[in-house]
Amino acid sequence: MCSVCGCNDVGADGHAHVEPTGHHRVHTHRHHHAHTEAGDTEAGDTGSGDGHRHVHGHDHYGTGPAGLTVPGFTQARLIEIEQDILSRNDADAAANRRRLTERGVLALNLMSSPGGGKTTLLVETIEALKGTLAIGVVEGDQETSNDAERIRACAVPAVQINTGRGCHLDAHMVGHALDDLPLAPGGVVFIENVGNLVCPAAFDLGEACKVVILSVTEGEDKPLKYPDMFAAADLMLLGKTDLLPHVDFDPERALGYARRVNPTIAEIRLSARSGEGMAAWLDWILARARKAAKGAVSSVPSHDAPAHA
Amino acid sequence: MHELALARSLIEMVDDYALAHGARRVTRVHVRLGVQSALTRALHVSFRAASRGTRCDGATLDIEVIPLTVHCRLCDGVKTPSGPWNFRCPDCGRATHEIVTGREMQLAAIVLGNDGGAATHPG
């Protein structure tokens, strides 16, 4: 049984837990790749071939002319590094992006507050598109596989990622989820991020576009309150517009705020319930899916190993 | 929030460098954080928690906060707006999206301890 969430059905339904400190899928392969013992040598380990970058820097910051360190010797040393803290995630994201691009698959990272309407919109979107193109879904939530079940009820494959205490999906988790989804040229992978307007903005997943959903039941100043998210997004969906008559929400003002932190953000107003604006959203997806399909590498090698094996 | 993930990512990275240099201990970790990351305090707390049992256990975390600067096309220069999320040029008032600094999340340097790790030949 899982010690974090107590569940018993690990992997039974594509339900995967990914948690950096060691939840079901503990990926020891990337943590010092199993040579952490004393006396262990890094010689010659350039880590090529498996899609992981192995950051050691020993080529650049040698320990001395001979590159040798001796037990008991004073070795207080300053090592200048200059590396992005998220470079590991960014490298995983680049691997995901390369893989998706080569397969001609469009990946969209959907983000909103909890209750922003991501899953309902996704269900309606899938119902409208599933006859036209191949769809796969990655669902991110702290707990439960409720959302993946809602998606599977639409007869499309979905992988649930439970982040446990984590507040966002990262590229490594998504890479594993992609292993379990069919990636057909011209298809779309929707990645429904954990409901949160803060953390997911910082983590590139390898998606083609980030889509933020702001529902009209929220404050129109959310773009100013959570600027990172709106600054990172390519498209803002103003959702639940069927409720506009009942709330004090000024769409123009919300758009103005969003443009203040992101002058180039695109906007579509829609309601999954009434269907208003859905055509524009579907067209937006289809245009990008067609473009992605054209970019597919015609012969992806059959031995194409998952980037995160 | 995501500071714990950042702390882990940072520690993993530092651990890799320490390992490559045959060091068992890291005594200082110098990080540059853009003011927009707004994580200074949170990272201190999560760093301490996440470093237990690693080579960074007990290391001092130095955080250098980098202010927001933007490029203003109208003035053709790098400007420092008045707030961390204010993208207006302080001189001409024009909004810009060209951020020069303020978004960094960077490991700048580490200091390795002198407890003498195992003999290691990194090259």
Non-local amide H neighbours of A:Ile79 (under 5 Å, H modeled in plane, Pro and chain starts lacking H): which ones? B:Ile110, B:Val111, B:Leu112
Within the range A:208-223, list the residues whose amide N lies under 16 Å from a label point set 7 Å along Cα→Cβ of A:Arg253. A:215-223
The range A:168-259, accessible surface, carbon-and-sulfur percent (1.4 angstrom probe): 48 percent
Net charge over other residues, Cβ less than 10 angstrom from the Cβ of A:Gly239 (K, R count +1; D, E count -1): +2
Radius 12 Å from Cβ of A:Ile268, net charge of other residues (Lys, Arg +1; Asp, Glu -1): -3
A:Asp234 - accessible surface, heavy atoms, 1.4 Å probe, Å² rounded to 10: 70 Å²
In square angstrom to the nearest 100, the accessible surface buried at the A/B interface, both sides summed with a 1.4 Å probe, amounts to 4500 Å²
Between A:Thr120 and A:Ala279, how many nm apart are label points set 7 Å from Cα along the C-beta direction? 2.3 nm
Of all alpha-carbon pairs in chain B, indicate the percentage at a distance above 17 angstrom. 61 percent
Label point 7 Å beyond Cα of A:Ala94 along Cβ direction - residues of the range B:87-115 with amide nitrogen under 19 Å: B:104-108
Contact order normalised by residue count of the range B:3-112, Cα under 8 Å, 6+ apart, percent: 34 percent
How do A:Asp92, A:Asp248 rank by accessible surface area computed with a 1.4 Å probe, from largest to smallest? A:Asp248, A:Asp92
Putting +1 on Lys and Arg Cβ atoms and -1 on Asp and Glu Cβ atoms, find which of A:Ala158, A:Thr132, A:Leu244 reaches farthest to the positive end of the dipole of the range A:89-291. A:Thr132
Estimate the FRET efficiency between A:Lys130 and A:Ser87 by the formula 1/(1 + (r/R0)^6), using the beta-carbon distance for r and 35 Å for R0, to the nearest 0.05. 0.40
Which of A:Lys225, A:Lys294, A:Lys130, A:Lys118 is most accessible, then next, and so on - probe 1.4 Å: A:Lys294, A:Lys225, A:Lys130, A:Lys118
Reachable lysines from A:Lys294, criterion Cα separation under 23 angstrom, eight or more residues apart if same chain: A:Lys130, A:Lys210
Largest-first ordering by accessible area, 1.4 Å probe, given options A:Arg103, B:Arg28: B:Arg28, A:Arg103
Could you check the spin-label model distance between B:Asn86 and B:Val65? Points 7 Å from the Cα along Cα→Cβ, value in nm. 1.5 nm
Mean separation of Cα contacts under 8 Å, 6 or more apart, over the residue count of the range A:172-309: relative contact order %: 26 percent
Could you calculate the FRET efficiency of B:Asp57 with A:Leu78 from 1/(1 + (r/R0)^6), where r is the beta carbon distance between them and R0 is 22 Å, rounded to 0.05? 0.70
Net length gained if the chain between A:Asp180 and A:Ala153 were fully extended (0.36 nm per residue, minus Cα distance): 8.0 nm
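The values are calculated or read from the model by the stated rules, or taken from the named source; none is laboratory data. Source: prediction; values computed, not measured. Positions of Cβ are backbone-derived with ideal geometry, glycine not excepted, and every protein chain shown enters the neighbour counts. These area figures cover heavy atoms from the full protein model, side chains too; ligands, DNA and RNA do not enter into them. Shrake-Rupley method; radii C 1.70, N 1.55, O 1.52, S 1.80 Å.
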